[in-house]
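Engineer: Please find one structure pasted underneath; my questions will follow.
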Amino acid sequence: MEKRHSEKVTSRPSPSDLRDSAAKFIPSHPTLPKLKKAAAVCTACPLWKTGTQTVFGEGLPTAKVLFVGEQPGNDEDLAGKPFVGPAGKLLDQCLEEAGINRDEVYVTNAVKHFKWESKGKRRIHKKPNAREIAACRPWLDAEIDLLKPQVLVCLGATAAQALLGKEFRVSIQRGQFVESDLATHVMATVHPSSILRAPDDETRRREREQFVEDLKKIAPLL
Ligand code: URA
Ligand code: SF4
């Protein structure tokens, strides 16, 4: 029989409300593999019902740089791995150009299930809301706690505003190191998907170049 979950109606998101938070799924004495296993059965927000599977972060536990995206996309949802689709391929190329070794990088997302709406036969990305971001936050916090990255990079506004505050403006503050206790060096830049969405080749080339410039600030810190 199909499981039924009643929708709780509240006037505003309540991130501290454990009923709406992944906190209760976090294992005691976590390791990255233990977290990944526990996250696979997370039901803390409604996105688990429509996503194929939880897409947990990936990388070596010794990684010194943590990249945080928004949420898995269509390809990631199907593969069960973050940043394997077009945005991930672009990120990989840019990391290489910026002299960052892939082994030093751990990639994850602010939200670990794919949120989508159908458009014809395609599933297109839908922005996660504040409540979903807050519900999923304990997974990200646990990843940060375990990795203790030297450098943390937010990719795009969702990750930047979740981790650096609602007032953070990627358009203004991109590529600048900001004061934060999340890691020794913390920066936000654009999301690689935004480069792919550029309206023409020239804009795309320029935005890609700026993105690589932002990433080049990282290698000397490692
Ligand atoms: N975009 C993201 O933010 N994360 C992914 O894993 C893939 C695309
Ligand atoms: Fe849990 Fe996050 Fe998936 Fe929501 S998006 S069900 S909080 S893992």
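Engineer: Please count how many residues of the range 36-75 are more than 9 Å from ligand 2 (Cβ to nearest atom) and closer than 12 Å to residue 107 by Cα.
Structural biologist: 14
Engineer: Select from the range 89-130 the residues that are open to solvent by 60 Å² or more (accessible area, probe 1.4 Å) and hydrophobic (A, V, I, L, M, F, W, C) and list them in ascending order.
Structural biologist: Those that are open to solvent by 60 Å² or more (accessible area, probe 1.4 Å) and hydrophobic (A, V, I, L, M, F, W, C): 116, 130.
Engineer: Scan 81, 148, 112, 121 and give me the residue that is more than 11 Å from ligand 1 (Cβ to nearest atom), basic (Lys, Arg) and within 19 Å of residue 33 (Cβ to Cβ).
Structural biologist: Values: 81 fails: more than 11 Å from ligand 1 (Cβ to nearest atom); 112 fails: more than 11 Å from ligand 1 (Cβ to nearest atom); 121 fails: within 19 Å of residue 33 (Cβ to Cβ).
One residue alone meets the criteria, 148.
Engineer: Give the residues of the range 33-75 that are under 12 Å from the mean Cα position of the chain (by Cα) and buried (at least 23 other Cβ atoms within 10 Å of the Cβ), sorted by residue number. Explain how you work it out, then say what you get.
Structural biologist: Just the residues of the range 33-75 that are under 12 Å from the mean Cα position of the chain (by Cα), to begin with: 55-58, 66-73.
The answer is 55, 56, 57, 66, 67, 68, 69, 70, 71, 72, 73.
Engineer: Would a scan of the range 150-166 turn up a residue that is small (Gly, Ala, Ser), without any contact (Cβ under 8 Å) to a residue 12 or more places away in the chain and closer than 20 Å to residue 71 by Cα?
Structural biologist: First, pick out the residues of the range 150-166 that are small (Gly, Ala, Ser): 156-157, 159-160, 162, 165.
Retained after the next criterion (residues that are without any contact (Cβ under 8 Å) to a residue 12 or more places away in the chain): 165.
Subset that is closer than 20 Å to residue 71 by Cα: 165.
Within the range 150-166 (the criterion being small (Gly, Ala, Ser), without any contact (Cβ under 8 Å) to a residue 12 or more places away in the chain and closer than 20 Å to residue 71 by Cα), the answer is yes, since at least one residue qualifies.
Engineer: Any idea how many residues of the range 109-144 are among the small types (Gly, Ala, Ser), away from ligand 2 (no atom under 14 Å from the Cβ) and touching a Leu at 6+ places or on another chain (Cβ under 8 Å)?
Structural biologist: Taking the range 109-144 first, the residues among the small types (Gly, Ala, Ser) are 110, 118, 120, 130, 134-135, 142.
Among the residues that remain, those that are also away from ligand 2 (no atom under 14 Å from the Cβ) are: 118, 120.
Still in the list and also touching a Leu at 6+ places or on another chain (Cβ under 8 Å): none.
Selection size over the range 109-144: 0.
Engineer: Kindly establish whether residue 30 is part of a loop (DSSP other than H, G, I, E, B), within 16 Å of ligand 2 (Cβ to nearest atom) and over 16 Å from the mean Cα position of the chain (by Cα). Give the steps one after another, and end with the answer.
Structural biologist: Details: part of a loop (DSSP other than H, G, I, E, B): yes; within 16 Å of ligand 2 (Cβ to nearest atom): yes; over 16 Å from the mean Cα position of the chain (by Cα): yes.
So residue 30 fits the description; yes.
The values are calculated or read from the model by the stated rules, or taken from the named source; none is laboratory data. Because the structure is a prediction, the values reported are computed rather than measured. With ideal geometry, Cβ positions are generated from the backbone for all residues, glycine too; neighbour counts draw on all protein chains shown. Heavy atoms of the whole protein, side chains included, go into the accessibility calculation; ligands, DNA and RNA do not. Shrake-Rupley method; radii C 1.70, N 1.55, O 1.52, S 1.80 Å.
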